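To start, the structure itself, in structure tokens.
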Amino acid sequence: MIQSIFSKFNLVLFGFFVILTSSCEEQKDRKEVSVEELPTHTSDLNSYAKQHIESELRIPATEKYTLSIHKENLDGDDKQDAIILVNRYQYAMNEAVKSNNSAKQAELGFMGNYNYFFYFDGALNLISPPLAIPSSPMLPLKVSFENISSSSFKDILIDFRIRNASYKDFYTVNNHTPRRIFQWKNFDGLGTTEAESFIFNYEPGSYSESKDIVISKGQLGDIPKKADLYIYEPVITASDNQETLFKFFYMTKTGKYVTKK
């Protein structure tokens, strides 16, 4: 009954169409499950997470997938929480073969619901239902943490890949539930003449306790000639002038970030 407090998110699948530039063979060598050690009071989270995730996603014993656990205080209490990332690359490839349209699937970067994250609430000792992030299964999600909503706990930043572009979702935990509050690109158009990238900075909030999100232009590092643009992860550095492109403010009434027109 307590688990019912966890809400599911419907994320929009972005419709960018790019041709896959090289083979995905190097993606096949994946470990079945790898988890990070947690402190003593959550030492049973590894087995709990594996059992919960395989049940929620109906993962058969024969499927290879990756699972990683990332610990942090995400709601301000004295219990440690965690974000659990799951990538189902093998399942995505099997589904593409079954579709009898694997070439088209490759053009789209095998896009679909193959990357998930789960929220572990340390106070409730419960793991949320899966939160799917429609993205390319060729790269797993990345998570980082920042003090944005409050200085007493961290917010969740999740990077995901859509063909030759990368995006960052911002989540904060309210009432034991992760809620998305912002999204922006890390980079887009990788390998094209219109490629762009961005740098994120955080400043004291203009209208609330939540920090402002300041976005400036980034510089993409050199890309190897034979790089697979669907999986290559470029180096992004700050541009020389650090010109601010956008500044977003958190509005408490709407629970969203906005910017001045």
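Laboratory data are not the source of any read-out in this text; all were calculated from the coordinates shown. Computed from a prediction, not measured in an experiment: that's the story for all the values here. As a convention, Cβ positions derive from the backbone with ideal geometry for all residues, glycine included, and neighbour counts pool all protein chains shown.
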Amide proton proximity set for Phe187, modelled H, under 5 Å, gap of 5+ = Ser166
Using Cα pairs under 8 angstrom and six or more residues apart, how large is the relative contact order of segment 72-189, in percent?
-> 22
In this model, which of Lys50/Lys217; Lys71/Lys247; Lys98/Lys217; Lys104/Lys185; Lys154/Lys225; Lys168/Lys226 are farther than 31 Å apart at the alpha-carbon?
-> Lys50/Lys217; Lys98/Lys217; Lys154/Lys225
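What dipole magnitude, in Debye to the nearest 20, does segment 108-165 give about its Cα centre under +1 on Lys/Arg Cβ and -1 on Asp/Glu Cβ?
Working: 4 positive and 4 negative charges, 48 e Å.
That gives segment 108-165 a dipole magnitude of about 220 debye.
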Ranking of Glu54, Glu63 by count of other Cβ atoms within 10 Å, fewest first = Glu63, Glu54
